[in-house]
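Single-structure report; data block below.
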Amino acid sequence: MSWLDLAVPPLVLLVAAFAWLLHARAWDLGGRSPVMGYDSAQYALAARELAFHGRLATPFALPIELVHRAEAPWPLAVVQPGLTLFEAAVFKLVPADGPMATSDARGWLTVLLPFTCFLLASGALAIGVGRLFRTYRPDAGAFERRGAALALGLMFALDPEAQHFAIGGFTEVPFTTGLLFALLGLALGRSSEIPLVYGLLLGVSGLFRANMMWLAPLFVLGATVVAPAGRRARTLTWVTLGFVLILAPWWFYKWREFGDPGWDLTRYVLWDHVGGRDWFSLYHLPELPVLPHGAEAVRLLAAKAGRNLPGLLLDMSQGLRALWAGAIVLWLVIARPVRPLAVAALVVLAAAGLGVLSTAVSIPWLRYLFPTRVLLECTGLLALWALITRLPGLTPAQRRLLHVTVALLALGWGGWQTTRGLAEARATAVVRGVPASATFTELSILLNQELPPGETVMSNLGPALAWQTLHPVLHLALTPGDVDACRRRHDFHTIVLAFREPDRAWPGWVEIMASPGASRTVAKLGVQDERRYRSTDGFTIVVLTLGPLEPAMASGAVSAPALATILR
């Protein structure tokens, strides 16, 4: 490798770091936008429990989780262990005094892994593409090799979704990085040379996102097909073993805590917008929903997928995405590539297809397609580059011009998308529904002055409030009328409501937010005191103090044994 080859990855890393910084500033991260959002705070809370109390648990729960366990801390029903384990190690290593003593300061530690993986994925694409050229296109010129490496690395760095997931404690970028290395392992044939290590890589990736459970078989099958004929059984065995070794402790934890090694509370999102249900109401009631099963469930979910698929396919075809997907298919048909490259391309297409289908039956948000989408786009650029190389009747100069045009098209699209993402971030940061860090600090001081340590609070601020105040937090019940049912399972005496405007509150809570004193008129809520103020960042804060629980009304039905006792 020449010094120019060695200069490509650092250049990619520099651009990626600069793009990350621009995105963080657009969001005003740490200012208007707290570092601890809903998702990142959930992982950070679990990590703090593990680091300082030695248990896989969390002081935050949704009302539906009270059905399984009433008292805090609660078992991990939503988060995956990968980010939790990493953050717990960081929290343990970084002293809890000095400049990192406050919750605000320690919150920045949660950005470490996503930011690192963002740089790692960008740099790995540049290095991996160079390796692919040296392996399969040793006759390619230095300009073509370096140009492809630079274009692929920058393509990922200029993806606004990648930038966004890298500025908070999200699992998307670490998971995507794992998938990228798994894909490169297939394309370079390393999956069959070190099958156990490859399986461990798949397992580590699975620690970050539960959807690895249906993506892993694709990579296992791919590794088996890539292997030489005499080593396929061995490759299948060792890759599977490596995957299971990493995830077995997590499956055991789920079995011990929930009685099901595959338990995940997010399974209920399948029933979002099915039969009048939505994921919001399913999670914010202290009861398990009655759901369809059998053939009826299949029919309803198939109908839901049919409704969502057109929109998702349209999203996956916007801009240059249809061009990249079409290039992969055309390249497979025309070029008839060597087996490792063909298998890697087929795995990318199949993973993208599975991603679309799984998203269609859950919540049809494009963010859930990010890991497979971004890999599809990068693979598509390489496929189109390879198709241009095979075009007949072109001079080397003409091929070079087409290669440069395609690369500039991809980077121009990425630059335009980045610009749009920055503008959207600036606009959203001003009106977003999460208070600034200063408001969380004010609430922390207020609650810690008035409540005993460890007393649970109910709030729509959820895990972010639990992180700041060190109090267990139960997410806000769906309506004020559902609070009593929550208190019957886990009693608490304080509710904290924080909404930018009353009309932005949850439907059942609008009147309480809009009308001082309205909370006292709600039956069974039992409000003894109501305080409200306006925060410096424009949020209306309402703190409700609840009285003791009233005795539960006796049921009219008397069991036979109880009746016999009474008669005796």
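Looking only at the range 430-441, which residues are assigned to a helix (DSSP H, G or I), crowded, with 18+ Cβ neighbours inside 10 Å and not aromatic (Phe, Trp, Tyr)? Don't jump to the end; show me each part of the working.
Within the range 430-441, the first condition is being assigned to a helix (DSSP H, G or I), and the residues that meet it are 430-431, 437-441.
Those left that are additionally crowded, with 18+ Cβ neighbours inside 10 Å: 437, 439-440.
Scanning the range 430-441 gives Ser437, Thr439.
Taking the range 21-58 as the range and being more than 16 Å from Leu470 (Cα to Cα), part of a helix (DSSP H, G or I), more than 18 Å from the chain's Cα centre (by Cα) and at pLDDT below 95 as the test, only Trp27 passes.
From the set of residues in the range 290-302 that are free of Cβ contacts under 8 Å to residues at least 24 places away in the same chain and within 26 Å of the chain's Cα centre (by Cα), which is surrounded by the fewest Cβ atoms within 10 Å (Cβ to Cβ)? Lay out the reasoning, then the answer.
Kept after step one, since they are free of Cβ contacts under 8 Å to residues at least 24 places away in the same chain, are these residues of the range 290-302: 290-299, 302.
Within this subset, residues satisfying the condition of being within 26 Å of the chain's Cα centre (by Cα) are 291, 302.
Working: Leu291: 16, Ala302: 12.
Going through the qualifying residues, I end up with Ala302.
Of the helices (runs of 4 or more DSSP H) entirely within the range 240-346, those holding at least 3 residues that are closer than 24 Å to Val374 by Cα and touching a Lys or Arg at 6+ places or on another chain (Cβ under 8 Å) occupy 321-335.
Take residues that are within 30 Å of Arg32 (Cβ to Cβ) and more than 17 Å from the chain's Cα centre (by Cα) and tell me which of the helices (runs of 4 or more DSSP H) falling wholly in the range 59-175 contain 1 or more. Please lay out each step first, then the result.
On the way: elements: 81-93, 103-107, 112-136, 142-157, 160-166.
The helices (runs of 4 or more DSSP H) meeting that bar are 81-93, 103-107, 112-136, 142-157.
Out of all the residues in the range 443-477, which are part of a helix (DSSP H, G or I), in contact (Cβ under 8 Å) with a residue 60 or more places away in the chain and either farther than 18 Å from Ala41 by Cα or in contact with a strand residue (DSSP E or B) (Cβ under 8 Å, 6 or more places away or on another chain) (or both)? Let's see the steps before the verdict.
Of the residues in the range 443-477, the ones part of a helix (DSSP H, G or I) are 443-450, 462-469.
Cutting the leftovers down to in contact (Cβ under 8 Å) with a residue 60 or more places away in the chain gives us 443-444, 446, 462-464, 466-468.
Once the filter is applied, which keeps residues that are part of a helix (DSSP H, G or I), in contact (Cβ under 8 Å) with a residue 60 or more places away in the chain and either farther than 18 Å from Ala41 by Cα or in contact with a strand residue (DSSP E or B) (Cβ under 8 Å, 6 or more places away or on another chain) (or both), the range 443-477 yields Leu443, Leu446, Gly462, Pro463, Ala466.
Within the range 345-360, how many residues are over 17 Å from Arg321 (Cβ atoms) and buried (at least 20 other Cβ atoms within 10 Å of the Cβ)? Residues that pass the stated criteria total 1.
Could you say whether any residue in the range 201-213 is part of a helix (DSSP H, G or I) and modelled with pLDDT under 95? Checking the range 201-213: at least one residue is part of a helix (DSSP H, G or I) and modelled with pLDDT under 95.
In the range 97-111, the residue that is surrounded by the most Cβ atoms within 10 Å (Cβ to Cβ) out of those that are among the small types (Gly, Ala, Ser) and touching a residue at least 24 places away in the same chain (Cβ under 8 Å) is Gly107. Within the range 480-488, none of the residues are in a loop (DSSP other than H, G, I, E, B) and either surrounded by fewer than 17 Cβ atoms within 10 Å (Cβ to Cβ) or modelled with pLDDT of 90 or more (or both). Listed conditions (1) modelled with pLDDT of 90 or more; (2) surrounded by fewer than 23 Cβ atoms within 10 Å (Cβ to Cβ) are all met by Trp467, apart from (2). Set side by side, the residues Leu29, Leu76, Leu62 differ, and just one is under 30 Å from Leu119 (Cα atoms) and in contact with a Leu (Cβ under 9 Å, 6 or more places away or on another chain), which is Leu76.
What tally of residues in the range 242-267 results from selecting those that are in contact (Cβ under 8 Å) with a residue 40 or more places away in the chain and in contact with a helix residue (DSSP H, G or I) (Cβ under 6 Å, 6 or more places away or on another chain)? Break it down into steps so the answer makes sense when it comes.
Taking the range 242-267 as the starting set, the residues that turn out to be in contact (Cβ under 8 Å) with a residue 40 or more places away in the chain are 242-247, 250, 253, 257-258, 262-266.
Next cut, in contact with a helix residue (DSSP H, G or I) (Cβ under 6 Å, 6 or more places away or on another chain) only: 242-243, 246-247, 250, 263.
Number satisfying all stated conditions: 6.
Taking the conditions (1) more than 30 Å from Leu476 (Cβ to Cβ); (2) in contact with a strand residue (DSSP E or B) (Cβ under 7 Å, 6 or more places away or on another chain); (3) of a type outside the set (S, T, N, Q) in turn, Ala397 satisfies each one other than (2).
For the range 118-165, a residue qualifies if it is of a type in the set (S, T, N, Q) and at pLDDT 95 or above, and the qualifying residues are Ser122, Gln163.
Name the residue, out of Glu455, Glu442, Glu450, Glu424, that is acidic (Asp, Glu) and either under 24 Å from the mean Cα position of the chain (by Cα) or not assigned by TED's automatic domain parsing to the domain that holds Asp537 (or both). So the residue among Glu455, Glu442, Glu450, Glu424 that is acidic (Asp, Glu) and either under 24 Å from the mean Cα position of the chain (by Cα) or not assigned by TED's automatic domain parsing to the domain that holds Asp537 (or both) is Glu424.
The values are calculated or read from the model by the stated rules, or taken from the named source; none is laboratory data. Source: prediction; values computed, not measured. Here the Cβ is made from the backbone with ideal geometry for all residues, glycine too, and neighbour counts use every protein chain on show.
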